[in-house]
1. Just to confirm the filter: which chymotrypsin sites (Phe, Trp or Tyr not before Pro) across region 12-60 are DSSP coil and have at most 14 other Cβ within 10 angstrom of their Cβ?
2. Given axes a ≥ b ≥ c from the Cα gyration tensor, I'd like to know whether region 106-147 is rounded (a/c under 1.5), prolate (a/b larger than b/c) or oblate.
3. Distance from a point 7 Å along Cα→Cβ of Q32 to each backbone N in region 92-136: keep the residues under 14 Å and list them by number.
4. Counting only helical runs of four or more DSSP H residues, what would the 222 nm mean residue ellipticity of the chain come to if each run contributes -39,500 (n - 2.57) and the total is spread over all its residues?
5. Under 13 Å from the Cβ of G30, count the other residues' Cβ atoms, weight Lys and Arg +1, Asp and Glu -1, and hand me the total.
6. Setting aside same-chain residues fewer than 8 positions from K5, which lysines have a Cα under 22 Å from its Cα?
7. So which GluC sites (Glu not before Pro) in region 96-152 pass both tests, a DSSP loop state and at most 11 other Cβ atoms within 10 Å of the Cβ?
Amino acid sequence: MAIAKNQVVILDYRLQNGGPDGDLIEETFGSQPLQFIYGIGQMIPAFEENLESKNEGDEFAFLIKAAEGYGVHDPNAVVEIPMQQFEVEGKVDPEHIKPGRPLQLQDPQGQTYRGVVQSHTTEVVTVDFNHPMAGTDLHFTGVIRTVREATESELDHGHVHE
Ligand SMILES: [Zn+2]
C-alpha cells in the first residue's frame, strides 16, 4: 500500500546533521520505529512530502533545510533574564544555571517555554529559547516498514494504537 492521507506509517530512520556525512542526531534502528498517521499534522510537512506514495520496504534519503524543518535560529529568541528570577528562597542553585542546562520558564499567563542556558554572569542568565534543532539542516535516511489504513479510533484520537 502506498502512503497517503490518514494511513498509519511505521518506519525506521536515521537523522544526521546537514548531510549524509553529518553527525548522527538520532535514529530508531535498534529501538522503537517511528509511527504516525500521515497527513494530519503530526510530522513536519516537508518530512511527509518526501515520503508521499512510498510503499512498504521502500528506502528513503532526503534533506530538509532548517527553514522547512525546525526553523532557522532566531537571535531574538535568545534572551537575558535577571538572575533574581531564578532565586528560590533568596538563593540560586548553581546546578540549575550552567551552560547547556535545559530550563522551563512560565510567563505570568502560565504559558511554559523551554530553553537552554547559554551563559551567565552573576546578574543575568542568557537563555536560548529556539528549538534545539533550529538552524539544523535535517538529513534523513531510512526504510518504510508498514503502511496501513488508520482505524476510526486512531483517527479520532490523532495517534497510532499498538
Ligand atoms: Zn488513543
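Only the coordinates and a few stated rules stand behind these numbers; no lab work does. Keep in mind that what you see is a predicted model, and the values were worked out from it rather than measured. No Cβ is skipped: glycine too gets one built from the backbone with ideal geometry, and neighbour counts run over all protein chains shown.
1. Here the chymotrypsin sites (Phe, Trp or Tyr not before Pro) that fit, given the DSSP loop and packing criteria, are F29.
2. oblate
3. Answer for this model: none.
4. Calculated from helices alone, the mean residue ellipticity at 222 nm is -2000 deg cm²/dmol.
5. Its environment carries a net charge of -2.
6. In chain and number order, the partners are K54.
7. Listed in order of number, the matching sites are E123.
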